Each structure stands twice: as structure tokens, then as C-alpha cells.
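First comes the structure, then the notes that go with it.
The values are calculated or read from the model by the stated rules, or taken from the named source; none is laboratory data. Small disclaimer: the values here were computed from a predicted structure and weren't measured. Note that we place each Cβ from the backbone using ideal geometry, even for glycine, and neighbour counts take in every protein chain shown. In case anyone asks, the SASA skips ligands and DNA or RNA and just uses the protein heavy atoms, side chains included. Shrake-Rupley method; radii C 1.70, N 1.55, O 1.52, S 1.80 Å.
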Amino acid sequence: MQKILVTGGLGFIGSHTVVELQESGYEVVIIDNLSNSQIFVLDRIAEITGKKPEFHQIDLRNKEDVQQFFKSQKIDGVIHFAASKAVGESVKEPLKYYENNISTLVYVLKEMTENNVNHFIFSSSCTVYGQADELPITEKAPMKIAESPYGNTKQIGEEVLKETTSVSDLNGIALRYFNPIGAHSSAKIGELPIGVPQNLIPYITQTAIGIREELSVFGDDYDTEDGTAIRDYIHVVDLAKAHIKALERLIKSSNKEKFEVFNIGTGTGNSVLEIVKAFEKVTNQKLAYKIVERRAGDITAAFADTTLAEKELGWKADLSLEDCLLSAWNWEKAIRK
Ligand code: UD1
């Protein structure tokens, strides 16, 4: 049985990926510092899969702890989610982002190369493209100057990984996620935003359940059909499955380059108002919203060309927007009980 380290394995995408790994027959060890996750998620994973993964509460900024961990373990591959992800916060506290997202990556890669652990999957983001000149966005689209330290850490992270693979036995895949939403169909795990949600879907579900008064739609004067901004919303379970495909590719040595990049999205863009309408339909209730000013740093439209992931990883998003919104709603209701 292959043993996979999942850093940030109790977070939103991490926890769903741990479930898929266990259900695909991998043994999982999680590292998480619980800075943006909850320990009860470990039991929830066990309830879903019938197996509690090994867990270590380690902060990857502590280099010695990372060294110690790799010395004491026999690991076959690493999926690295542990990172900070709030765009606004990154502008105010850039060093926190460079330390949490870059230093930790360096420490993990260093231990991997020294301990001969050669498969690495990196959480990247479509944010590396900025406002792309052409839609849908292919992996060949150039990176734009990052709008935030957070975005910059994803660009630098990819470079750090690429350069490391070029001088070592390490093979790496960066998955550029579009907008991950939804929750596990069991409603036992999902997104747990701290404080006021910054992202669209948790804001919508919290409004629908009565925690927030109304949704602010950021701008209706974009150059799109209804004037609101367009994104590619992908179900977190589909996204989790893409990690299994990427890992298998490395384990089977089917990768064509030592470092590869894949877009992970659905290929379809939806506007904010389309999301609101779809949510109303799926949940059969009205959602209170108002149009406000654009949010600084937001782009007009982004959606993926997923041809490469389909061809090379044999992966394609399977779940619909309705599945996404209904599962997010069921999760919101489950955590408020
Ligand atoms: C954001 C980050 C992105 C990150 C991703 C991870 C920014 C600029 N980008 O993507 O780097 O990888 O989250 O989750 O923050 N919206 C509203 N009202 C709200 C919230 C959002 O109208 O209360 C709109 C936004 O203007 C946007 C869309 O909904 O058009 C999606 O927003 P969001 O969920 O925050 O994701 P992104 O901004 O696309």
C-alpha cells in the first residue's frame, strides 16, 4: 500500500482529497497545524471512509519538525495543500504569506529530495493567469504580474517546484484550480470559513440560512451578458479526484515532463447572477441580494480549457452546478444543527 502525506489535510480541499485517497486504497498521513481547520474533521473522514487517517499536528514553518517527520516516516508521495489563502489578508501581511506558502514548501521539498520521496502534487490556482487575454484559458496562457502576495506565492511556488525537479529525482505536478465549491455528499465535511466569508458560495449559504442579511454582488458593469463577473465553479469532490489522477500519473511514471501543469475546472463559466438564480432554483427559496461596487482586484471572467487534463490525466469534472450548490447548502444546514 502506498503511503501519501497530505499537508493541510484537514482543510477544505485537503479533507475531500484524503477521503478520495482512502477510498482509492492509499494509506494517508495528514499534517495540519489547525490554523484554518478543525480537529473534528478527522473523525468525520473516519465516518465517511471507515478509517481514521494518521494525524500529526505539525507547523511546517518549524523546519526541525519537518526534518524529524520525514526521518521517522516512509512516504511514497506528497500532496501539499498547507498554505494561507485569503487574498485581502495577504496584501496586509505579505510576510505571513511568504513564510506560510513559500518557506514551508521549501522545507518539505528539501526533506523530500533528501529522503528520496519523489512524487509531489502542488496546489496552484488560476489566479496565476490574472485576466487572461483569451478564454477559455489554456495552460499556455502567460502568467500575469500577480495582483496580490497570495497570487505571487502560487507563481513562485510553481517555479520553486519546477527548478527543484530539474536538478533532482523529484517529479511534480501543479494543479491550477479554478473556483472550488460544494461539499461531500454525506454533508460530513465541507468548507469552514472563519468569520465573514470572502468567497461567493459560503456567503450565499450563510445568507440563505439567516446569518448574513443579504449578499452583495460585486459589480454589474462588467463586460459580460448580465454585467456580473464570470468564474468556473468546480465541485470540490471532482477537484479531489483530479489529485488522485495526478498522483497515479507520477507513481506510474506516465508523466511526460518532470514538472507538469494542469488546469482543473469544468470548462464552463457562470456569472454571479447565474449562480444566485441556480441557488434559488435548487433550494427553492429566494436569496436577498443587492448590487454594489466592484471588488478591488477582481477580474471580469475566467474559465478553464480542460483539454489537457482530459487527455493526459484522464480526468474530467463530472458533477453539475446544481450538485455543487445543493451539497454546499446541505453542508451549511448540517453545521448549523
Ligand atoms: C478568490 C481569489 C483567488 C482564490 C480563490 C480561492 C480573489 C481576487 N481571488 O477567487 O485567488 O484562488 O478565491 O477560493 O480574491 N462575489 C460577490 N459577492 C461576494 C463574494 C464574491 O459578488 O460576497 C463575486 C466576486 O466578485 C467574483 C465571484 O463572486 O466575481 C467569485 O468570488 P470568490 O468566491 O471570492 O472567488 P474569486 O475572487 O474568483
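Say we look at segment 230-243 and pick out the residues that are open to solvent by 10 Å² or more (accessible area, probe 1.4 Å) and outside any strand (DSSP E or B); which of these is farthest from Ile173 (Cα to Cα)?
Applying the filter and picking the extreme gives Val237.
Take segment 21-36 and flag every residue that is open to solvent by less than 20 Å² (accessible area, probe 1.4 Å) and either in contact (Cβ under 8 Å) with a residue 40 or more places away in the chain or of a type outside the set (A, V, I, L, M, F, W, C) (or both).
Leu21, Val29, Ile31, Asp32
Return the pair list, or none, for Cβ contacts closer than 6 Å from residues in segment 148-176 that are farther than 22 Å from Leu250 by Cβ to residues that are of a type outside the set (A, V, I, L, M) and open to solvent by less than 20 Å² (accessible area, probe 1.4 Å), at least 6 apart or on different chains.
Ser148/Ser90; Pro149/Ser90; Pro149/Tyr97; Tyr150/Ser90; Tyr150/Tyr97; Thr153/Tyr97; Thr153/Asn101
Picking from Ala328, Ala278, Ala302, Ala242, which residue would you name as being modelled with pLDDT of 95 or more and over 20 Å from the mean Cα position of the chain (by Cα)?
Of Ala328, Ala278, Ala302, Ala242, the one residue that is modelled with pLDDT of 95 or more and over 20 Å from the mean Cα position of the chain (by Cα) is Ala278.
Would you confirm whether any residue within segment 96-109 is free of Cβ contacts under 8 Å to residues at least 24 places away in the same chain and over 30 Å from Arg249 (Cβ atoms)?
Looking through segment 96-109, at least one residue is free of Cβ contacts under 8 Å to residues at least 24 places away in the same chain and over 30 Å from Arg249 (Cβ atoms).
Give the residue that is farthest from Glu20 (Cα to Cα), with candidates limited to residues of segment 165-182 that are away from the ligand (no atom under 13 Å from the Cβ) and open to solvent by 20 Å² or more (accessible area, probe 1.4 Å).
Val167
For segment 3-85, list the helices (runs of 4 or more DSSP H) that sit wholly inside it and hold at least 3 residues that are out of contact with any helix residue (DSSP H, G or I) (no Cβ under 9 Å at 6 or more places or on another chain); which are they?
Passing ranges, in order: 40-49, 63-72.
Identify, by number, the condition in (1) over 20 Å from Arg61 (Cα atoms); (2) within 16 Å of the ligand (Cβ to nearest atom); (3) open to solvent by 20 Å² or more (accessible area, probe 1.4 Å) that Asn152 doesn't meet.
With respect to (1) over 20 Å from Arg61 (Cα atoms); (2) within 16 Å of the ligand (Cβ to nearest atom); (3) open to solvent by 20 Å² or more (accessible area, probe 1.4 Å), Asn152 is out only on (1).
Taking into account only those residues within segment 183-212 that are within 25 Å of Val292 (Cα to Cα) and away from the ligand (no atom under 12 Å from the Cβ), which is least open to solvent (accessible area, probe 1.4 Å)?
Restricting to residues being within 25 Å of Val292 (Cα to Cα) and away from the ligand (no atom under 12 Å from the Cβ), the top hit is Ala208.
Within segment 191-227, can you find the residues that are without any contact (Cβ under 8 Å) to a residue 60 or more places away in the chain, assigned to a loop (DSSP other than H, G, I, E, B) and touching a strand residue (DSSP E or B) at 6+ places or on another chain (Cβ under 9 Å)?
Answer for segment 191-227, where residues must be without any contact (Cβ under 8 Å) to a residue 60 or more places away in the chain, assigned to a loop (DSSP other than H, G, I, E, B) and touching a strand residue (DSSP E or B) at 6+ places or on another chain (Cβ under 9 Å): Asn199, Glu225, Asp226, Gly227.
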